[in-house]
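Everything below concerns the one structure shown next.
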Amino acid sequence: MLGDLDRSVAAFLGRLLPDGTAVQFDPPAPSWAQAPPKAPLLAAYLHDIRESAQAPAADAVLARDDAGRATGWQLPVRRYRVSYLLTAWTSDGPPSQHDLLGAILVGCTTVEAIPADCLHGILATQAHPVLLSCAPADHAPAAPEFWPSLGIPARTSLNLMLVVPVIPPLITELEPPVQDLKVATENTAKAAGPGLAAPGNGKRPRVTE
């Protein structure tokens, strides 16, 4: 699923960036600071994954095929917040790193989810959108020790946060279907007492299986 997400993010960001800009999913490398790539490069480093605070639905749903036969139990959709740290790397001259990051920031203001025609793999086959937010207010910037840990000077960056739906596999272990049903009646009437007659014929049917 994460590979499908990478490809979906690359397709979306590619629409916002100038022609010839590459999108790469490796962590920023020290060599890029020492010798910037000749072609503009956007690094999208997946640095954080955590489940959304929104609780999933409590109950599973019985899935059925086109003939109405039960095929399994479908557990509720889970959603995860996936965060990419975006950094831009360019040689001297336009576009600058700020040009690239600015194009992404502006482009993300016009959409709330990755467009359907940018989605890949399993994300393209499900009905749930992949929501996105660029530089969300509730997300802290990279910690001061983050850049030294990579061996590069601090840089301007953006955080791209996506809410990704994950559909659990269908639970197909079902109890065998009922083959037959036996029905019987039982007389549950009590004696009505002297001079009193039981209603009807004195028998009350009870259905048992």
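The values are calculated or read from the model by the stated rules, or taken from the named source; none is laboratory data. A quick note: this is a predicted structure, and the numbers were derived from the prediction, not measured. Cβ: placed from backbone, ideal geometry, glycine included. Neighbour counts: every protein chain shown. The accessibility values were calculated without ligands, DNA or RNA, using every heavy atom of the protein model including side chains. Shrake-Rupley method; radii C 1.70, N 1.55, O 1.52, S 1.80 Å.
For the range 65-105 and the range 131-146, write down the distance between their C-alpha centroids in whole Å.
Their Cα centres are 15 Å away from one another.
Taking R0 as 25 Å, what FRET efficiency do you get between A33 and A140 from their Cβ-Cβ distance, rounded to the nearest 0.05?
0.60
Which order do the peptides 93-102, 160-169 come out in when sorted by mean C-beta neighbours inside 10 angstrom, highest first?
The most tightly packed comes first, giving 160-169, 93-102.
Considering only protein heavy atoms, what per residue accessible area in square angstrom results for the range 1-94 with a 1.4 angstrom probe?
For the range 1-94, the solvent-accessible area averages 56 Å² per residue.
Cβ neighbours within 10 Å, averaged per peptide: list 104-116, 138-150 in order, most packed at the top.
Per-residue Cβ counts within 10 Å, averaged per peptide and sorted highest first, yield 104-116, 138-150.
DSSP loop trypsin sites (Lys or Arg not before Pro) in the range 64-93 with at most 10 other Cβ atoms within 10 Å of their Cβ, which ones?
Loop-located and lightly packed - R69.
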